[in-house]
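Accompanying notes for the structure given below.
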Amino acid sequence: MTGHAETDPGRPAGTAPPAAPSTALSADRRARELADLRERSTPVDLIVIGGGITGAGIALDAASRGLETVLLEAHDLAFGTSRWSSKLAHGGLRYLATGNVGIARRSAVERGILLERTAPHLVRPLAQVVPVFRDTPPVGTVLPGLGFVAGTVLSRMAGTHADRLPGARVLGPRRVAEYVSGVRRDGLRFGHLNWDCQLVDDARLVTAVARTAAGHGARVITRARVIEASGTQVTVRDELGASGAVAAGAARSDDDDEFTLSARAVISATGVWAGQTTPGVRVRPSRGTHLVLDAATLGHPVGALTVPVPGETNRFCFAIPAEFGRLHVGLTDVDAPGPVPDVPESTEEEVDFLLDVVNRALEVRLTRDDVLGTFAGLRPLVDSGDGDTADLSRDHALLTSDNGLVTITGGKLTEYRLMAEQAVDLVVRRAGLPAGPCRTTDLPLVGAPGHPVATTSSGFLPASLVARYGQEAGAVIAASLLDRPLEAVAEDLDVTRAEFSYAVTHEGALTVDDVLDRRSRVGLVPADRAAAEPAAREALGAVDRQKR
């Protein structure tokens, strides 16, 4: 299966064009495509290793240019760093403050592309408020406002209009409290207001990009671990083993889990694991921890409370409104040497640090009892050999090994599309691949206005469902294999049973963990996860029953 060009000169006049591949990812599709790849005797155009936001972005860029593309992921989509972010599409303000105008400008441009063209259903404006108190040092009184004004100028230069992202301004105490209820009133003088962008969910963005790539013909194969790679070949192990062949109707043994696949080019986009795939690549992981709180604890703020870290001029902690009536408080920047864990864990010291910083601006102090859950991610910083991780560049690097394998690492989530474009441009040029120009600056993702996937909409649709699926929301309900599709998966969780069903039938979820921890994010709070687990098991069971 290859990507489809705009026209097909070889098709007889008057005949219908071939149907575009489905965007739906499922266990059946995985098994069929994996079986096809096992029998493959000729090279594909491009293999992408890694199913995070960068790998998914590369797969979409390449497939939409007409390249035969295969994405291989050892675990699940968004398994690594891509699901542990602050869920912000940053405009690069922090990097402007440090003099890195290049990253700042690129971030602002890419933020605008997400907000206005490719993913407006998943990206929305977010008010950020820095409160200023009587005891705030002079630098902290003035500097945030200057930075916010510079950020507004950068936003306008990037082409983002004021009707989408308003400009910076100063708020009086009453207006500060309207945006960030829970703020300390004693000594509150005013606040600096800035507008940035927030993702509905980072893992959902990855899924949307991967599904859009699949709709352009990319094969997206999860639980397929690359155990050896060069610039023209990979050795793959099917992590599902013989069970992965059942849906495809293939008869094989557990001894047949590994196979070799050739390609005209191979790109590794494995983030903090880049050094394992590509010896010689040096990545220095930095851990960023977040706390999950009940938003009611701070009076359900509608903006992000932004608190300067004491002694720092360019670091802040945030209390950001999130799904399910939660708040995410983050984040840390801690060196994380040693073996890279599959799931990073926050430390007690990081929890205390975040509580201490955010409590400086709160009317009622938060305690450990207010913390419903924590999550931590590892940033794949390119190692320069010295300095604190907070001082290392957030720029990305494109590296080519002696064996021809191209590795891309570092960078920021907001810049994933640009990183993908640059990576594909590189391999197209070096391998002479028959690719068209990059199309992703104007290519709507699944669910966005302008995407061609047919939708079905009838009757009432919950606002939370529309927020997560955009114009595809009606189709989620229509495709449900579960009865009572609009019923919540658990009490006090605004996730419908239909969404769990859709995760399995259309979004490639193969396990309970996939459903709870990546296609939805109820797993961020252990109590929520336990309450929703029966519905996730029911969704997986419904697909199995349908096959029988």
Restricting attention to the stretch 511-525, and to residues there that are in contact (Cβ under 8 Å) with a residue 12 or more places away in the chain and in contact with a helix residue (DSSP H, G or I) (Cβ under 6 Å, 6 or more places away or on another chain), which single residue is surrounded by the fewest Cβ atoms within 10 Å (Cβ to Cβ)?
V512
Does the stretch 467-491 hold any residues that are without any contact (Cβ under 8 Å) to a residue 40 or more places away in the chain and either surrounded by fewer than 22 Cβ atoms within 10 Å (Cβ to Cβ) or of a type in the set (S, T, N, Q) (or both), and which are they?
G474, A475, A478, A479, S480, D483, R484, P485, L486, E487, A488
So, in the stretch 361-376, exactly how many residues are more than 30 Å from the chain's Cα centre (by Cα) and either loosely packed, with under 14 Cβ neighbours inside 10 Å or not assigned by TED's automatic domain parsing to the domain that holds R189 (or both)?
2
Can you tell which of G55, G80, G92, G140 is surrounded by fewer than 21 Cβ atoms within 10 Å (Cβ to Cβ), more than 21 Å from Y469 (Cα to Cα) and touching a residue at least 12 places away in the same chain (Cβ under 8 Å)?
G140
Residue list for the stretch 98-141, filter: over 25 Å from the mean Cα position of the chain (by Cα) and among the small types (G, A, S)
G99, G140
Mind listing whichever residues of the stretch 143-155 are more than 16 Å from V307 (Cβ to Cβ) and surrounded by 15 or more Cβ atoms within 10 Å (Cβ to Cβ)?
V149, A150, G151, T152, L154, S155
Mind telling me which of the residues A265, A274 ends up being buried (at least 24 other Cβ atoms within 10 Å of the Cβ), touching a residue at least 60 places away in the same chain (Cβ under 8 Å) and part of a strand (DSSP E or B)?
A265
Quick one: what pairs do we get from the stretch 158-176, first residue free of Cβ contacts under 8 Å to residues at least 24 places away in the same chain, second in a loop (DSSP other than H, G, I, E, B), C-beta under 9 Å, 6+ apart or different chains?
P173/R185
Which one of these is within 16 Å of R65 (Cα to Cα) and touching a residue at least 12 places away in the same chain (Cβ under 8 Å): L445, L398, L405, L413?
L445
Quick one: is D528 touching a residue at least 12 places away in the same chain (Cβ under 8 Å) and within 22 Å of A208 (Cβ to Cβ)?
no
Residue by residue through the stretch 318-357, note down the ones that are more than 25 Å from A531 (Cα to Cα), in contact with an Asp or Glu (Cβ under 8 Å, 6 or more places away or on another chain) and outside any loop (DSSP other than H, G, I, E, B).
V334, D335
Considering only the stretch 418-537, give the helices (runs of 4 or more DSSP H) lying wholly within it that have at least 3 residues that are under 30 Å from S107 (Cα atoms).
463-469
Provide a single number: the residues in the stretch 178-224 that are over 30 Å from A503 (Cβ atoms), surrounded by 24 or more Cβ atoms within 10 Å (Cβ to Cβ) and of a type in the set (S, T, N, Q).
1
Inspect all residues belonging to the stretch 137-159 and state whether any of them is farther than 28 Å from R219 by Cβ and outside the structural domain of V309 (by TED's automatic domain parsing).
no
Within the stretch 230-289, how many residues turn out to be among the β-branched types (V, I, T), closer than 22 Å to L77 by Cβ and at pLDDT 80 or above?
8
Answer yes if at least one residue in the stretch 100-114 is within 19 Å of G57 (Cα to Cα), aliphatic (A, V, I, L, M) and in contact with a Cys (Cβ under 6 Å, 6 or more places away or on another chain), and no otherwise.
no
Residues (over 29 Å from the mean Cα position of the chain (by Cα) and in contact (Cβ under 8 Å) with a residue 60 or more places away in the chain) located in the stretch 143-157:
L143
Mind checking whether some residue in the stretch 49-66 is closer than 30 Å to I320 by Cβ and among the hydroxyl-bearing types (S, T, Y)?
yes
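The values are calculated or read from the model by the stated rules, or taken from the named source; none is laboratory data. In this text the structure is predicted, and so the values were computed from the model without any measurement. Positions of Cβ are generated from backbone atoms using ideal geometry, with glycine treated the same way; all protein chains shown enter the neighbour counts.
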